[in-house]
Amino acid sequence: MKEILVLSGKGGTGKTSLASSFMYYAKSCIACDYDVDASNLPILLKPNKLQDYAFSAGETACIDNESCIDCGVCAALCRFDAITSDPSYQVVPLSCEGCGFCSHVCPVQAITLQECLAGNWFISQTPHGPLVHARLGIAQENSGKLVTLVKQQARALAEREKHDYVICDGPPGTGCPVISSLSGAGLAVIVTEPTLSGIHDMERVIEVCRHFDVPAMVCINKYDLNDTNTVAICDYCRERDIEIPSMIPFDKSVIEAMVEGKSIIERSDSRAAREIRSLWKSVEQKLGENNAHLRV
Amino acid sequence: MLGIAIINGREPEMQIAVASGKGGTGKTLLATSLMRVLASHGPVLIDADVEEPNAGLILGIRPCTTQEIYRPVPAIDPDKCNYCGKCAEICNFNALVVMVNQVLVYNELCHSCGACAYLCPQDAITEIGHPIGQVELTNLGDNGILITGRLNIGEAQSPPMVKAVKSMHRSAELRIIDCPPGTTCSMIESIRNSDYCLLITEPTPFGMHDLELSLEAATMLGIPTGLVINRWQDDDYTIGEFSARTGVPILARIPFSSKLAQSYMKGKDPLEAMPALPFILSDIIKQIREALS
């Protein structure tokens, strides 16, 4: 079982489109969506939710106003400005980190910590295989923990059902959910676009992959929209020995498919679809699987 | 420049957050263009997308000064520590592990709450700075100031970096915040204390889905919001219904323009590529002022 993680750094470069297409080409796979706060793979795959679980992580402080003596020690020591005194001492849940400092210093033990429901995670069925995904509550921390949970569940399911691949739609950025999603990944496919921000963000995410020792390859989406920037991406990758097996041309049918909420591959004759298929072959090869089981 | 009194001299300070939910919908385009249009007011643009900061690239400027940012993490004084284990017991993030004659500190797990240092019975814990990134400052003369936060590679926690970048130039007349995508803690930290939140989206199912989530986040913080549709093509998609249902107004529609996309790719001024853009932006500002008055 091999794990492929689609990343980009910058949002909106085509992670979800690419991950859903890979799912179509992989003969036997499980998909997982690590973008736990704005999960988009389900919009394309229209999954049938089979199982729904609550995810609790972290705690929030709670002040019992009956016992509180208004001494203000908690508010003075809290570094997250999570305690207000107006009209009585209260915790602002959106600011509380759940460190519990206040509960230790309260002279009358009026503060307790309560576990908070941080989100939900799901196992669903799609036409191309199972999907493990999640929905983190708004403003919740612990997105990294939820990513780890989704990962563990997807791996266990892949082992149990003997799937060849776990195909993961990664989160944007370089912070905690990205770091969690990289752990144990066999290959990161970094999709970028020939814009200044696309290049910059790709460079940062390549550095993160190196930092955590995950091999990476790059795919340039809409490569034909700006030659200068595409050449700059190629040069950058060549200097660092990073393969660019495929470049996807700008293709209006991709936008049309997106607006309709469909996968690009459902128009298998498009130029974009052909490139993605060849990219998938390279991914399989890179992972040491030479027998590419293509459906199309 | 536009003949519109956007913010008169003595108006109170204003902070506008530009957020989106989905990435790649045009936050940085909108934030930097707003800065350009409002140049005469000496705006402060804060790039709070500290994991992938892009505003400087789009404006084509390099930082003038760079400041290292640290957050406090515990350091154990081995002469005072008696390995009682109290710190590990208190720490809710498992950042401290006490062994027989050693205390291990995991900086990446530490949330810098300070509880261990305050509560150590032996007074054996002090706090030292752990580098998390840089704040870069670029003074654009009369056209304002750009402040960028840049999180170190491999550093997981972005909210302390967002706080650091937002703590600069607090009293400016006008602050524009370019926020990170999503609805996690760093996005909340970015939009917090703003007077208004602009949510920019694209007319696709993905844009729509993430827009709903980001509106929920802004509403939780009680920040008034307005919508901007980017890459608009003669159709509001379902955003029109969404606006009617939630009462959040559509402030502007930025039409799809391959000329704008092309010039953006080259890092050129979008206001020149789309002559209507300055007027669209001024109109957004006018509507924000009306909403806040």
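The values are calculated or read from the model by the stated rules, or taken from the named source; none is laboratory data. Not measured: the values here are computed from a predicted model. We place every Cβ from the backbone using ideal geometry, glycine too, and count neighbours over all the protein chains shown.
One residue stands out among those in segment A:213-233 that are crowded, with 17+ Cβ neighbours inside 10 Å and not in a strand (DSSP E or B): the one that is nearest to the other protein chains (Cβ to nearest Cβ), which is A:226.
One residue alone among B:226, B:207 is under 26 Å from residue B:278 (Cα atoms), under 22 Å from the mean Cα position of the chain (by Cα) and away from chain A (no Cβ under 13 Å), and that residue is B:226.
Residue by residue, here is whether (1) outside the structural domain of residue B:46 (by TED's automatic domain parsing); (2) within 16 Å of residue A:101 (Cα to Cα); (3) modelled with pLDDT of 95 or more holds:
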{"position": "B:108", "(1), (2), (3)": "yes, no, no"}
{"position": "B:118", "(1), (2), (3)": "yes, yes, yes"}
{"position": "B:124", "(1), (2), (3)": "yes, no, yes"}
{"position": "B:156", "(1), (2), (3)": "no, no, no"}
{"position": "B:162", "(1), (2), (3)": "no, no, yes"}
{"position": "B:165", "(1), (2), (3)": "no, no, yes"}
{"position": "B:169", "(1), (2), (3)": "no, no, no"}
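Here residue B:231 meets the list (1) in contact with a strand residue (DSSP E or B) (Cβ under 8 Å, 6 or more places away or on another chain); (2) within 12 Å of chain A (Cβ to nearest Cβ); (3) under 16 Å from residue B:181 (Cα atoms) almost entirely, failing just condition (3).
Quick grid of which residues meet (1) assigned by TED's automatic domain parsing to the domain that holds residue A:45; (2) in contact with a Cys (Cβ under 7 Å, 6 or more places away or on another chain); (3) at pLDDT 95 or above:
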{"position": "A:122", "(1), (2), (3)": "no, no, yes"}
{"position": "A:138", "(1), (2), (3)": "yes, no, no"}
{"position": "A:147", "(1), (2), (3)": "yes, no, yes"}
{"position": "A:154", "(1), (2), (3)": "yes, yes, yes"}
{"position": "A:167", "(1), (2), (3)": "yes, yes, yes"}
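Does residue B:169 qualify as being more than 9 Å from chain A (Cβ to nearest Cβ), of a type outside the set (A, V, I, L, M, F, W, C) and either surrounded by 19 or more Cβ atoms within 10 Å (Cβ to Cβ) or part of a strand (DSSP E or B) (or both)? Taking the combined requirement at face value, the residue does not satisfy it. Going by the conditions given, is residue A:187 more than 10 Å from chain B (Cβ to nearest Cβ), under 23 Å from residue A:21 (Cβ atoms) and crowded, with 22+ Cβ neighbours inside 10 Å? Considered against the rule, which asks whether it is more than 10 Å from chain B (Cβ to nearest Cβ), under 23 Å from residue A:21 (Cβ atoms) and crowded, with 22+ Cβ neighbours inside 10 Å, residue A:187 comes out as no.
Residue check: residue B:152 meets all listed conditions (1) more than 30 Å from residue B:263 (Cβ to Cβ); (2) not assigned by TED's automatic domain parsing to the domain that holds residue B:32 but one, namely (2). Only one entry in B:132, B:176, B:125, B:200 is more than 10 Å from chain A (Cβ to nearest Cβ) and under 12 Å from the mean Cα position of the chain (by Cα), namely B:176.
Just so you know, in segment B:10-32 the residues that are polar (S, T, N, Q) and crowded, with 23+ Cβ neighbours inside 10 Å include one that is farthest from the other protein chains (Cβ to nearest Cβ), and it is B:32.
The lone criterion from (1) within 14 Å of another protein chain (Cβ to nearest Cβ); (2) without any contact (Cβ under 8 Å) to a residue 60 or more places away in the chain left unmet by residue A:170 is number (2). Cβ-Cβ below 8 Å, separation at least six or inter-chain, first residue in segment A:68-80 and within 15 Å of residue A:110 (Cα to Cα) and within 12 Å of chain B (Cβ to nearest Cβ), second among the aliphatic types (A, V, I, L, M) and part of a helix (DSSP H, G or I): which pairs? Sorted first by the residue in segment A:68-80, then by its partner, the pairs are A:73/A:105; A:74/A:105. Among the residues of segment B:237-280, those that are modelled with pLDDT of 95 or more, in a helix (DSSP H, G or I) and not small (Gly, Ala, Ser) comprise B:239, B:241, B:242, B:245, B:246, B:277, B:278, B:279, B:280.
Restricting B:191, B:145 to residues that are among the hydrophobic types (A, V, I, L, M, F, W, C), touching a residue at least 12 places away in the same chain (Cβ under 8 Å) and in contact with a Cys (Cβ under 6 Å, 6 or more places away or on another chain) narrows the list to B:191. Those strands (runs of 3 or more DSSP E) of segment B:33-136 in which at least 3 residues are in contact with an Asp or Glu (Cβ under 8 Å, 6 or more places away or on another chain), considering only elements entirely within it, cover B:44-47, B:65-76. Give the residue that is farthest from residue B:73 (Cα to Cα), with candidates limited to residues of segment B:157-166 that are touching a Ser or Thr at 6+ places or on another chain (Cβ under 9 Å), assigned to a helix (DSSP H, G or I) and not charged (D, E, K, R). Result: B:165. Scan segment A:121-165 for residues that are over 13 Å from the mean Cα position of the chain (by Cα), of a type outside the set (A, V, I, L, M, F, W, C) and away from chain B (no Cβ under 14 Å) and the total you get is 17. Residues in segment A:83-97 that are part of a loop (DSSP other than H, G, I, E, B) and at pLDDT 95 or above: 1 in all. Within segment B:90-134, the set of residues being surrounded by fewer than 21 Cβ atoms within 10 Å (Cβ to Cβ), under 24 Å from residue A:74 (Cβ atoms) and among the aliphatic types (A, V, I, L, M) comprises B:90, B:109, B:117, B:119.
For every residue, the table says whether it meets (1) over 22 Å from residue A:189 (Cβ atoms); (2) touching a His at 6+ places or on another chain (Cβ under 6 Å); (3) not in a loop (DSSP other than H, G, I, E, B).
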site	(1), (2), (3)
A:109	yes, no, no
A:114	yes, no, yes
A:141	yes, no, no
A:160	yes, no, yes
A:167	no, no, yes
